[in-house]
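Let me begin by presenting the structure, written as structure tokens, before commenting on it.
No value in this document is a laboratory result; all are computed from the given coordinates. Nothing here was measured: the structure is a model prediction, and the numbers come from that model. Quick reminder, even Gly has a Cβ in these numbers, built from the backbone with ideal geometry, and neighbours come from all protein chains shown.
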Amino acid sequence: MRDEQLFHQVLELAADQRAAFLHAACKGDLELRERVEVLLKAQSNPGSFLQSPAFGLCHSPTVDQPPIERPGTQIGRYKLLQQIGEGGMGTVFMAEQHEPVKRRVALKVIKLGMDTRQVIARFEAERQALTLMDHPNIAKVLDAGATDSGRPYFVMELVKGQPITQYCDEHRLTPRQRLELLIPVCQAIQHAHQKGIIHRDIKPTNILVAEYDEQPVPKVIDFGVAKATSQTLTEKTMFTGLGQIVGTLEYMSPEQAKVNQLDIDTRSDIYSLGVLLYELLTGSTPLTHMRMNKTAYAEILRMIKEEEPPRPSARLSDSGEALASISAQRKMEPAHLKKLVRGELDWIVMKTLEKDRNRRYETANSLAADLQRYLADEPVQACPPSAAYSLRKFVRRHRSALLVTAGLAVMAAVLTSGASLYLRTAREAEEGRRESEHAQNITEAHEKIPLIQAAMRQLQYEKAFDLLKEIEPLIPDHPSLPELGELCSQTCSLSSTPAHVDVWVRPYDQPNASWSHVVQTLDRPVAARIPRGEYLWRATRSGYHEVTGMRPPQMAHFALDREGDIPNDMVRVAKGRPNRPGMALSNVFQSVELPEFLVDRYEVSNFQYDQFVRAGGYDTPEYWLELPFVGRDGKSKSKKSVMPLLVDETGRPGPATWRAGSFQPGEEDHPVRGVSWYEAMAFARFAGKSLPTIYHWTQASQVELSVVLAGNEFITRSNFGREVKSVRALGDEGLHGTIGTIGNVKEWCFNDTTDGKRFILGGACGEPIYVPLTLDSNHPLQRDEFNGFRCVKFINNEKGPEAAWEQGKSIPWPIPPKREELMDAATFRLVIQDRFVYDRSTPLDVASEQIDEGEWIHVTAQINTAYRDAKGRWERMAVHLYLPKGIDSRQGYQAVLYSPGGDAQMLPRIRPISEEYGLDAIVRGGRAVVCPIYQGSYERRYKSHNVDAKTKEERRLCFGQDMMRAIDYLEQRGDISMDQLGYYGFSFGAEWAGSLAAVEPRLRAVVFEAGGLLNTPSLRKERQLLETRHYLPHIQVPVLMLNGEEDPIYPVKESQDPMFNLLGSPIKEHYVHPNGNHMLPPSVKFEKIQTWFDQHLGTPQKATSTR
Amino acid sequence: MPLVYDELRKLAAVKLAQEKPGQTLQATALVHEAYLRLVGSETQRTYRDRSHFFASAATAMRRILVDHARARKSDKRGGDRQRQPLEDVAAPLPDDELLALHEALDELAVEDPLKAQLVELRYFAGLTGNQVADVLGISTSTADRHWVFARAWLQTKVRGLT
């Protein structure tokens, strides 16, 4: 549209230039000019035209305001803890009451604009009656009142459960189980009715099912609330509780649907129970959601009052395709379900749903009684029993007795003819029934095979396995069974010393699940099958310490010690060669052979360390004897000159984190931290234990194997958060049952590096999760706040750490740099750079959404990558873009492309940028930050990193192209200033990924933090494309390297300097932070980053006025 | 989807809380009617996504407003002054203008369906510029440009060349 283009062009001009421009642009086309002028005139004089929307459907400021009541708020005697639900009427919180008793309650704040005084008055009127209610299936309403903001609230007994329909479907309860669950509900309602309380709002969300002792127990909630909050239906109140009406119409009785109907009695509740029963059986309410959806409000009310609902069995017959899933949720075959519901259940339901309440069950108890009769195969009341009906019932009830009788043919002969006819009928019926039942079971078993396959597709191996066990005895010869069994389960070989140990498993990711018993071991290995998945194992035998931990199921062995034979809280570590697959020096580790030994289950706690301090540990010479004291200069020191350094904040002997000779209150179970290697050694001697060598530590923690056996869950459960946790609060149980080996605090090891430091392994809070995979070391006097330890105890006459150390004495760490010939520009281009080329004209097909996150705009764009997926379509990639606010964006934003550390390849999803190593500081500094989810990171992370070199090369190309495509996207946006594009990489992003700067000419300035050249032997034989060193000389843009002096992964001399020296950039700078670790303090790094980009890209312009 | 459902319910609640006393419920009933039609059940009616939901909501609102404007125009029995017109709830356009807008929007939809939808979302569903951009998958600045133009264009159609 030419008009539109001109229209916008003119609008961008100053008022006095417009006429001239338009005149020139229209080149005599007067019509065009007039059209545009009219549009401009309308634009300049909009009046009220479309000024405010007809309706605010979406967020209006009032809606956006958070509710005044939120966790932490004190309401009367109650303190809100967390929101646990939200319904049409109000928000439900878990709250804590202190007076007169301390307990947790549910507190519901009514949110509609109701008349608070009236609500409370109505509640008070019924309060007396409510307090009389006392029934195990009723959650009591305890209190009511008004919040400070004037809204009514109700306090109820806290029930943690699911709505009954949801519970039944999720647990696939059979119709019988459902009825059994509804009976106590009826009895609860009966109890309330006897106390004169009508519920008035019975619906699935008001009947919660919670499990107590693994038994489902239904609880009716909200008694008294409906009465207090909803008036009878009048013209006015028809709409006062919209949310409520939407949720409740389905369960509303005909008398409740009448306008101005005041006469509601207990039989309304019976009707609602009937609707619920209907839904439990058929999966839908008599008036379906679908139908109500299409129908006007008044019409719905008419239908409730007048329309006869279809019988439940008829509803099932009409439910078409849905019937299969409805039946499956009830563990039934469709035909069988229909047959089951037809007849008595139909009658019971229809009796509760009578429009005329005089024809319903008179009490909830009589409904319950009829359900019980049905379950016991007795004639139900709901229908006047015909003769045939009574007989059928009689036969079923006396099934076994009749069988015996029928077998006695002689006796049959003496019976009257009428009776013998009766008996024969009974016997035939019984045989026929058994045959058909068997056939039915076989059919059902066959029909479960697709369910098993479906469960496996959804990776629900437990469910698949359970189903399989169910059908195996019925159809043992079915050809699919062996394969299905193979796919959904794993065979274990279990053994133990001593024998006869009970073995249990629990899914590793479900710490609250109960243990399932697998088998009891014998004096030889026994085989057992468990569903596929990751498990924590447990072995128990009375009189023995129980053993927990992960095990490879193919050969799980459990060695149990008699109680008293080993110290509490130590676990036995199996003998073997410590394994660090794929890690630096793995060959050295593999050359060491360790016998069995014991290791502390937990890191040494403040409490334990306190005993050492109180026992005068710092003053007892024998604990400090012959420790090789060295200063930071590497020179030997006397004990006398070192001891004054080993003090707490107040100068008393103790860890650096303590005060006045003791730990902080409440932290007795926290790991002791802020201790030097010397203190750890002295404590170990005090405790009659030792520090582990790196071999013992590796053998005890088995980090890599733990990750293999427990999946990422092992890492997720370990503590890499901001603060240490109680050693007993962690759930990252390792192979041998150790806890907290990785994360929380890092743990001193016995042995030293070639440059005089001591190893300290496992990583700590606030560090990237890959740190445990490296060999970290500190100066032995280093007392960082996260330096802690755990001990080992040698058994079987092992001499001590020195013996193990001897075997691997020659450990060359840190590893010296490697020299290799580099490529000239032409070779580099041919061998490496050209391989990253792709067809840039391929459309990106951007689909983006953006959220205003306060300080910045967060755009998430899905774009095409440069390669195709398995189906031949362009693989898609998410690019996160954070646009700063308050920036003059007319010349375009400056942007920084971000490449995260190696943990991006382990974490399931990208973190908020404030947690991505504080990336938000860059945005606050006025630059956009771009985070492409490159292949192999976050949501696109690879399952395995253990791949051949060729695959690695392909992955590298994908990485490079993903970054380039992200830049294509920035170009296409049009609001990014492309000649001011920066790159910031951290760790992996500064080393391997940082080589992007050599092949992507659109980057204009680069910051590498915590990068360096890796020299580990395992990386020595890589292909050229994978070797960062080949890229570095071809980087030409300004580079700033930021590193820590004490970085354990990229040491200065061996790793940082070689990288810096190879950089081809004419402008380059290397800042080494004194005493810095792998990560620099955020304030330091962002100041450096900001300055670098300001210098080389220009300072971002602040907007002069907001738009 | 439950998210949108909740948003709507919150909004309905707020709207009701703000209701002036004594006002007839007719307009509110209409809004509810639309809500019920749209969100009557979160399980049965599935919107493909948020965008689809809002687009449907906007269309429903437009249709209801237009229907009522038409009904009022044809209902000349004089009772409509007592019956509160919709303006009290939302202050939209006079009936004639609303119907003209309706026609003009149809015309715009033929030429430029994106802009017509944008107007529907902003005006009939009350989405902000950012939200509209979000729903339509275009940038905010593009959405703003489209809005400025579409509004001017519609104004010339509805109010003539004053």
Can you list the aspartates and glutamates whose alpha carbon sits under 14 Å from that of A:Lys635, skipping same-chain ones fewer than 8 residues off?
A:Asp755
Can you flag which of A:Lys305/A:Lys351; A:Lys639/A:Lys757; A:Lys725/A:Lys793; A:Lys469/A:Lys943; A:Lys203/A:Lys339 are past 22 Å Cα-Cα?
A:Lys725/A:Lys793; A:Lys469/A:Lys943; A:Lys203/A:Lys339
Looking only at aspartates and glutamates whose Cα falls under 18 Å of A:Lys102's and that sit 8 or more positions away or on another chain, we get A:Asp143, A:Glu157
Using R₀ = 45 Å, calculate the FRET efficiency as 1/(1 + (r/R₀)^6) where r is the Cβ-Cβ separation of A:Val217 and A:Ser841; round to 0.05.
0.10
Length added when fully stretched, A:Glu12-A:Asp561, from 0.36 nm per residue minus Cα-Cα:
189.3 nm
Skipping prolines and chain starts, which residues have an amide H placed within reach, meaning under 5 Å, of the one on A:Ile760, given they are 5 or more residues away or on another chain?
A:Cys749, A:Asp776, A:Ser777, A:Asn778
Report, by chain and number, residues whose modeled amide H sits under 5 Å from the one on A:Gly576, excluding near sequence neighbours (fewer than 5 apart, same chain).
A:Leu594
Could you derive backbone 3J(HN,Hα) for region A:464-480 from the dihedral phi with the Karplus parameters 6.51, -1.76 and 1.60 (θ = phi - 60°), listing whole Hz in sequence and x where the residue is Gly or Pro?
4, 5, 4, 4, 4, 4, 5, 8, 3, x, 7, 10, x, 9, 4, x, 7
Karplus-derived 3J(HN,Hα), 6.51/-1.76/1.60, for each residue of region A:1088-1095, Hz, glycine and proline x
5, 4, 4, 4, 4, 5, 4, 5
Amide hydrogen neighbours beyond the local backbone of A:Tyr535, cut-off 5 Å, H modeled
A:Tyr508
Determine, from the Cβ-Cβ distance of A:Met290 and A:Ser480 and an R0 of 56 Å, the FRET efficiency 1/(1 + (r/R0)^6), rounded to the nearest 0.05.
0.95
Given R₀ = 45 Å, what would the calculated FRET efficiency be for A:Ala129 paired with A:Ala454, taking r from the Cβ atoms and rounding to 0.05?
0.35
If the cut-off is 14 Å between C-alpha atoms, which aspartates and glutamates fall inside it for A:Lys448, apart from same-chain ones fewer than 8 positions away?
A:Glu333, A:Asp466, A:Glu470, A:Glu472
Ranked by Cβ crowding within 10 angstrom, fewest neighbours first, how are A:Lys108, A:Lys1085 ordered?
A:Lys1085, A:Lys108
Here region A:77-82 yields Karplus 3J(HN,Hα) values (6.51, -1.76, 1.60; θ = phi - 60°; whole Hz; Gly and Pro given as x) of 8, 10, 10, 6, 9, 7
